[in-house]
Amino acid sequence: MLHDPAAAAAMGPGALPPFANKENRLLDSELLRPAGRRSLCAFPPGFTVLDHRPRARRPPPARPSRRRQHQIKASEAKLAALNSAYDDHVSRANAMKEHMKNVQQEIAHTQRLCDARNREINTEEHFKQLADREKGRLIADIKRCEKEIADLSDQSMREIQKRRAFPDDGKLSDILSDIPRFLYKIKKLNLVQNDIYRTAEKIDSQRTELNLEKEELEEWLRVQSEKDEDNFALLKYTREDEARVKSLTLQIERLVQEVARKRNALSAEVTETQVSQVELDKTTAAFRALHAERQNLLASWEGAIRAMKERDADIEARRRERDALRGDVAAKQGLAAEKQAFLDSQAANNLEIRRKIRACDRTVSKCRSDYQEQQAAILTFQDEVEVLRNTLNKSRELWGAGQGKN
């Protein structure tokens, strides 16, 4: 029987040729024969009989412990989580430091604003005290002027009430207007007195000339004496009125001088008050301008503080968003780390599988080479068997022929 390499290759590395089972059975039957009869089909020296029975497989190479791999993966995941938490805490600490710096800056600005407000309140209190003092001084001046006016009015009323002929209204203008009338009355009284003197002289002359009766003369003298008493009383009152008029005139002149002096002092005081009022108005305008400027500065300051608060709130919101994003990134990084660990484990498994595949390929290649060697040995053995079979057949034929001859 001839060996066909193409047929052997088509059957595959693990398949046996169709005659293999038959030949194996023949070999087994030959091997199981008794020793006396086995010598007829003895194998030539150096020939090796192949044993096609299944061999025991070698144990697979030692694999790393799965529990240790899980521990390593868990430790790596824990380390990644700790690193992420550390980075998160560091970022939070930096954010808190920045926020603390902003808070301290805001506190400083607020303290400056409070100091400015306190200075403004102190300035307002100072100006209030100045205004109260000015108010008290003006009230005292008004009271003093009112007292002086009342004293002058009382003095004028007392002086005017002493004079009977004057009306009791107490007005200085009436007194001044009545002075010419009083002077006219005084002149008229002087004329009347002169007439009285002349009349008395005429009476004396007539008394000497006329020879009147004594009773009539006494009666006439009594009447005349009464008239003289009236005239003397009128003259006395006239002189008293003249003295009073002179005293009142002097009083009026003194009062007019006092009024003029008071008016001059009042005009000077009014001028000084007007100058002080102008200066006070200028100071008030300057203070109001300064106060308005301070209010504008405080308003701008408060606006800046509000803007800083809004910016801090925006920064805090952005920080929270960043923390949320960082948490998402950390979660995704953890998931990516898990995926990477799984990928690394799969890559390690793939390497192990590839190593095993290469080992299996080497084993298969070795088995193929062994199989091909065995195939070659089988072919050689079959050729030898054919030769022995032919020899045996010839020997049988010869033996049969020898028996036939016998």
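All of the numbers you see were taken from the coordinates with simple rules; none came from a lab. Keep in mind the model is a prediction, meaning the values are calculated, not measured. Note that each Cβ is placed from the backbone with ideal geometry, even for glycine, and that neighbours are counted across all protein chains shown.
The trypsin sites (Lys or Arg not before Pro) found in the stretch 318-406 include none that occupy coil by DSSP while having at most 11 further C-beta atoms within 10 Å. Between K147 and A292, take the C-beta separation as r, use R0 = 30 Å, and let me know the FRET efficiency to the nearest 0.05. After rounding to 0.05, the efficiency reads 0.10. The equivalent ellipsoid that matches the C-alpha gyration tensor of the stretch 278-349 spans semi-axes of 67, 6, 4 angstrom, in descending order. May I ask which of K73/K332; K73/K356; K128/K282 have a Cα-Cα span longer than 21 Å here? Check vs 21 Å cut-off fails for K73/K356. Between A140 and N390, the distance separating the two model label sites (each 7 Å from Cα on the Cα→Cβ line) works out to 16.5 nm. In order along the stretch 385-391, the phi-based Karplus estimate (6.51 cos²θ - 1.76 cosθ + 1.60, θ = phi - 60°) of 3J(HN,Hα) comes to 4, 4, 5, 5, 5, 4, 5 Hz; Gly and Pro are listed as x.
Two numbers describe the Cα atoms of the stretch 363-406: Rg and Dmax, which are 18.5, 61 Å.
Here the calculated FRET efficiency for E120 and V275, from their Cβ-Cβ distance with R0 = 25 Å, stands at 0.30, rounded to the nearest 0.05. With distances taken between every two different alpha-carbon atoms, the stretch 230-272 has a Kirkwood hydrodynamic radius of 12.4 Å. When its C-alpha radius of gyration is set against 2.2 N^0.38 Å (N residues), the stretch 249-406 gives a value of 4.29.
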